[in-house]
C-alpha cells in the first residue's frame, strides 16, 4: 500500500488540481458572453462551413462538457450548455471539437493512430490489471506461470498507457487549431481570445493528468510484479 501511495500520489494530486482548474476556468468564462452573441453550435457550424466540412452535422447531447467529435460517424456533438450558450468558453470548446474534425478530414496521422489503439486500450485497461494481480497471486504457487500471466497483463495495460500518450499531441493540436481559427475568423475579439485560450489550456491539463496517472499505475504494476519475482 505504501508503494502504491508513493508512486500514485503525485499523479493523483495533479489530477485533482487539473479538475479544479478546469472547473474554475470554465466556470469563469462560461459567464462571459462574447460580443457577437455566438453560441458554441453557431461557431462550430460557421467554422465547419468555412473549412469545407458543411456535411458534418452539429448535434446537441446531454451532460456537462461531454463535447466530442465522432470520427466514425463524422458527427460533432456538443453538450447543451456549450451548444446553446453564447459564451467565450462555449466558442473555445466548440472550436476544439472542430479542430478534431479538421484532423480527421486532413488525415492527421496521430489521430488515426489513436483511433487504431482504442480496441487494444479498452482491453488493456479492463483486463490488464486483472491478469497482473492474478499473476502475482499465482507466483506464490507456480512462479514461472504466474510471472508469465503477470507480464502479459503488463503488456496489455501498456496499450492503455500508450493511448494516453498519443492522446496528448492530438488534443494539443486540436486546441492549437481552435486558437488559429479564432484568430483568423475574428469570432472572438480582444480579451475574448485570451479567455477561450485559457479554457483550452485548462482542459488540456486533464489529458496530462490522465497520462501521468496511467504511467504511474504502470510503474506500480512493474514494481509489484518484479518485486514479487525477487521474493
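The numbers here are math on the coordinates, done by the rules we state, and not lab data. Nothing here was measured: the structure is a model prediction, and the numbers come from that model. Cβ coordinates were reconstructed from backbone atoms using ideal geometry, including for glycine residues, and neighbour counts include every protein chain displayed.
A few remarks follow.
- Cα long-axis angle, helix 191-230 against the chain (0 to 90 degrees, to the nearest 10): 10 degrees
- Rounded to the nearest 10 degrees, the inclination of helix 109-139 to the longest alpha-carbon principal axis of the chain is 30 degrees.
- Ellipticity estimate at 222 nm from DSSP helix runs (n ≥ 4, -39,500 (n - 2.57)) divided over the chain, nearest 500: -27000 deg cm²/dmol
- Estimated from the Cβ-Cβ distance and a Förster radius of 22 angstrom, the FRET efficiency linking residue 64 and residue 16 is about 0.75.
- Taking Cα Rg over 2.2 N^0.38 Å as calculated from this structure, the corresponding entry among [x] 0.96; [y] 1.20; [z] 1.31 is [y].
- P(r) weight above 28 Å for region 24-157, C-alpha pairs, percent: 41 percent
- Using a simple spin-label model with pseudo-atoms 7 Å out from Cα toward Cβ, residue 110 and residue 1 lie 4.0 nm apart.
- Using alpha-carbon coordinates, inclination of helix 143-185 to the longest axis of the chain, degrees: 10 degrees
- Taking only the C-alpha atoms of region 31-101, the Rg (one decimal) and the largest Cα-Cα distance, Dmax (whole number), read 11.0, 35 Å.
- Amide N proximity, region 195-229 versus residue 9 label position 7 Å along Cα-to-Cβ, cut-off under 16 Å: 216-217, 220
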